[in-house]
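Scroll down for the structure; my scribbles are underneath it.
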Amino acid sequence: MKKICLLILSTCILLSCDSDDNTNREPGSLELRFENKIGSENLILGTPFTNSSNEQYVVNELKYIISNITLTRKDGSQFIYPVADSYAVVNEEESSSKMITLTNIDAGTYDRITFGFGVDPTKYPIESGTLNFVPTAEEAGMLWSWSAGYKFIKMEGTYTPENGTESNDFVIHVGSHGANLDNYKEIELAIGEDIKINSATASSKIISFDVSQVFNGANTIRLEDKADIQVDPINAPKIAQNIQAAFSIN
Amino acid sequence: MKKYIYIISIFVFIIGCSSDNDGGESAVDDDYTEIPEEVSNNLLNLQIPSNFPAPTYDISQNPPTEKGFELGKKLFYDGKLSSTGVISCGFCHIQEFSFTHHTHITSHGVNGRIGTRNAQPLQNLAFAQDFNWDGAASFLDAQPIIPITAEDEMNESISNVLRKLQEDENYPILFAQAFGTEGVTSERMFKALSQFMIMMVAGNSKFDKWQRGESVTFTTDEEAGRSIFEAKCSSCHAGTLQTDHSFRNNGLPIDPEFNDIGRERVTGSPEDNRKFKVPSLRNIDTTFPYMHDGRFRTLRDVLDFYTNGMVNSPTLDAQFRNADGTIGLEISNTEKEQLIAFLKTLTDNDFLLDQRFSEF
């Protein structure tokens, strides 16, 4: 009996979807695809690139945390994605992690997307739903276990200084420093052409992260000056600021 | 037309749901954990002594309940939270010593590994601001990540702890009873631990009674000690909880074995080098050894340090620099005895013996 009812129910839903037109008000989904770039090229792990300080660098590992996704309509009204479900680790090495599917988004035409880089440290952990993200972050190596804090980005590799021959390791782990220094950044991107979301359309957007801007953004980071950047109150905020401007959407 | 179909589908849906109750098809889902219905789970009353400040913990986010507290207590005393299955939170945090550990100087974790710091008392955590000696955790709900995952403490991963709890025959039921629905999640584990810990209020010492104007009188020594404390200690060990929640360097010589940089590890700032949280001194008579690395055995040793043992360093707190260029506090022997008499009035035996928190 129950099965049959369900069958009828799903048929009904399917029918109602089929009859879609511009007035479809059923919630829909949006797929965000993260692409890590070096300028306009794709980032390839293990392959050398050059930064503006003429240092050759090879990225061997790149992971970062995305959170707090909000979509804004033309009239300024917003759809806030359930915060506890918004945390994700984007891992260059794992293609499934670069595809974030948001479901059950209120129907509408949206022209802006906002998301967080890292985890907002000012928010109470229960309120912000981060406690269920702990195992994911832990498995991805994104927890500073000695501090109960998150690494917002983990970028590691090797570099050769300008005019140098030997390659050295570099480590960039940026997060917030207790309640002292907040490196969480909010990123707002205008979506070139509006996205319409409802149950009948499968929307998808590519968000690019230009990794080269970690070194050459508003602030220049020269690895020869400091190649081990962890809990670094001088360089970490600079990198976070660079990263804030390194995302784009197309 | 579409509306019509929609209404029908809702209708069908309701029918579909109601057929759940006709009993004919139950007993199908085998791996479904039965939650005994109607388990009462009353809210607990966190009693805040009238001389206390307002809690810093946002209780509305995680109001302690009977079942949540019991679950938290079970977790607190369960070795499952460690990789070897034997080190529980309660192993290092023993109630009769105000939840510290003092057979060892610094803490001992799995396989006898020795940590670098002295286990802190667990008391009045709902009123604290940052956790651990260096403030490495900003919120109590996230603090247990540190001991669970630290190699020389419980050396376990949160995911693995959850797996063990999920596979246990009791925990899934206890989680459901505490939180109303099924699910062993990390959020619930942390919430339950917090519920247990925020109920630990030590606020019934002689000092508290004196502050509340209840009928106690300090002895002459205790009263003399209290005024010396006011004059020489309370700028840092301030107020009802004897802490201004700041991080400071009180001039301990660096221990080369650990070379603990203190708050600097959290902030990365050289100006925080060797600074540690100003600790509350409640139950201080029971929490020896003293300081972040447990280097002093007695309160007398602590006071001798404040008068004669301090070393200079760039981050030494300005209050310890005297006009004549010397460093340290000036306290006579008699005054030291009086101070100790006062510090003993901070012991709350009701708390140390409170059955609600005890393992057995």
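Starting from the 7 Å offset along Cα-to-Cβ, what nm value, one decimal, do you get for the label separation of B:Thr116 and A:Asp225?
Roughly 2.8 nm, to one decimal.
Measuring from label point to label point, each 7 Å out along Cα→Cβ, what is the A:Arg73 to A:Ser40 span in nm?
3.7
With each pseudo-label sitting 7 Å past Cα toward Cβ, what's the B:Val39-A:Ala190 distance in nm, one decimal?
Taking the two extended label points, one gets 5.5 nm.
Summing -39500 (n - 2.57) over the DSSP H runs of n ≥ 4 in chain A and dividing by its residue number, what mean residue ellipticity at 222 nm do you reach, to the nearest 500 deg cm²/dmol?
Rounded to the nearest 500, it is -4000 deg cm²/dmol.
Over the whole of A:175-182, what's the average partner chain Cβ count within 10 Å per residue? Rounded to a whole number, please.
On the way: counts 0, 1, 7, 15, 8, 10, 4, 0.
Partner Cβ neighbours, averaged per residue: 6.
Does a label point 7 Å from the Cα of A:Ala84, set along Cα-to-beta-carbon, have any residues of the stretch B:171-192 with amide nitrogen under 16 Å, and which are they?
Output list for this probe position: B:175-192.
Return the loop-located GluC sites (Glu not before Pro) in the stretch B:51-153 (DSSP other than H, G, I, E, B) with at most 15 other Cβ atoms within 10 Å of their own Cβ; answer none if there are none.
B:Glu151
Classify the protein assembly as shown as rounded, prolate or oblate from the Cα gyration tensor: take a ≥ b ≥ c as the square roots of its eigenvalues, call it rounded if a/c is under 1.5, otherwise prolate when a/b beats b/c and oblate if not. Please report the intermediate quantities before stating the final value.
Working: a/c = 2.38, a/b = 1.38, b/c = 1.73.
Verdict is oblate for the protein assembly as shown.
Could you compute the FRET efficiency for B:Asn349 and B:Thr326, with r as their C-beta to C-beta distance and R0 at 45 Å, rounded to 0.05?
For B:Asn349 and B:Thr326, the calculated efficiency is 0.70.
Name the residues of the stretch B:191-235 whose amide N is less than 16 Å from a point 7 angstrom out from the Cα of B:Ala318 along the C-beta direction?
Zone members listed by number: B:235.
Determine one quarter of the surface area of the Cα convex hull of chain B, which equals its mean projected area, and express it in nm² to one decimal. The partial results should precede the final answer.
Details: hull surface 99.7 nm².
So the mean shadow area of the Cα hull is 24.9 nm².
Rounded to whole Å, give me the distance from the Cα center of the stretch B:96-166 to that of the stretch B:226-302.
Going from one Cα centre to the other spans 18 Å.
Which chymotrypsin sites (Phe, Trp or Tyr not before Pro) from the stretch A:106-194 combine a DSSP loop assignment with at most 16 other Cβ atoms within 10 Å?
Details: sites: A:Tyr110, A:Phe115, A:Phe117, A:Phe133, A:Trp144, A:Trp146, A:Tyr150, A:Phe152, A:Tyr159, A:Phe170, A:Tyr184; in loops: A:Phe133, A:Trp146, A:Tyr184.
Answer by residue number: there is no such site.
How many angstrom lie between the C-alpha centres of the stretch A:59-96 and the stretch A:116-183?
One Cα centre to the other: 16 Å.
Take every residue in peptide B:264-271, count the Cβ atoms of other chains within 10 Å of its Cβ, and give the average of those counts.
Other-chain Cβ atoms within 10 Å of each residue's Cβ, averaged: 6.
For the stretch B:63-83 and the stretch A:191-226, compute the distance between their C-alpha centroids and round to whole Å.
42
FYI, it's all coordinate maths here, none of it is from the lab. Predicted model only: the values in this text are computed from it and were never measured. So basically every Cβ, Gly included, is an ideal-geometry build from the backbone, and we count neighbours across all protein chains shown.
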